[in-house]
Amino acid sequence: MGLPTEINLMEKGHGVNATAMMPVYAGGRILNGNRLANVGIEAAQLKAEVSERDMLENIESTYYLVLGLQDKVHTVESALALTDSLNHIVDVALKAGLITKSDKLRLALKQNELKANQLQLNNGIVVASQLLCQQIGITYPEGGLTLDTASFSVRNHADALRENFIRPEQQLLQLQIDAEKLRKKLTIGEALPQVGIGGTYSYGNLVRKYKGNAIALAQVSIPLTQWWETSHKLKEHNIAIREAELMQKDLL
């Protein structure tokens, strides 16, 4: 028809528009969200303390395992020394006809059993010592690990008195309960009315005529369809709180 495919209503024009909104009331979610974040920080610190305590307890357990194996080796060595001293007596008694060859054989079998136990214990000491070196972050020495009970202590006064105070596991469960209660409040806040204020500002060049305009805004949001979903979420939060409270009672 001879009509142009594009009709330019404005040439060399430009405009800028900015809108900002600030929530005034969001069902308490801002305040409870900050509280939940603080609970998360405290829980992370407690988990770090529990991990450190467990690590120290594992080191202590391995240390005394090595000591116990060494004590057993000393006992076996004493028994071997005793059987070695009995060999001469058994030989004399056998020549005198006081005992039989089966008695001497039983002594030899007992010596072999003690030597097998000694080898097994020594191997256990090496494995446990290597594990201890790995736990405390040192290289296992070629000549073996020498332990000193007088210089070894992984428990300080706070650890010794910990039994008289609240255990970290109980504190973590309490923080879990507090966090779940805050999540419950956040869920309730999602179903409450929300209020916000703000403004919009526009500035532009309409065919070389600069013009600005500002408008103040207020927003009210009422989630009418949120209550059904919220009721199910609240039941889940209540169940989680109840479970954590029962676990906390079991630790008392």
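The values are calculated or read from the model by the stated rules, or taken from the named source; none is laboratory data. None of these values were measured; they are calculated from a predicted model. Note that each Cβ is placed from the backbone with ideal geometry, even for glycine, and that neighbours are counted across all protein chains shown. Accessible surface areas use protein heavy atoms only, side chains included; no ligands, DNA or RNA. Shrake-Rupley method; radii C 1.70, N 1.55, O 1.52, S 1.80 Å.
Summary of the geometry: segment 75-97 and segment 166-204, compared by the centres of their Cα atoms, lie 80 Å apart. Extension gain for Leu80 to Tyr64 (0.36 nm times residue separation, less C-alpha to C-alpha distance): 3.3 nm. Computed from the Cβ-Cβ distance with R0 of 51 Å, the FRET efficiency linking Trp227 to Leu131 stands at 0.35. Taking 12 Å as the cut-off, no amide N atom of segment 52-88 comes nearer than this to a point 7 Å along the Cα-to-beta-carbon line of Arg106. The accessible area of His88, taken with all protein chains in place and a 1.4 Å probe, comes to roughly 130 Å². Sites listed here are trypsin sites (Lys or Arg not before Pro) in segment 167-251 whose DSSP assignment is loop and whose Cβ has at most 15 other Cβ atoms within 10 Å: Arg208, Lys209. In a DSSP loop and with at most 16 other Cβ atoms within 10 Å, there are no trypsin sites (Lys or Arg not before Pro) in segment 82-112. Positive contributions from Lys and Arg (+1) and negative ones from Asp and Glu (-1), summed over other residues with Cβ under 15 Å from the Cβ of Asn238, come out at +2.
Count Lys and Arg as plus one, Asp and Glu as minus one, and take only other residues whose Cβ is under 15 Å from that of Asp103; the net charge is then +4.
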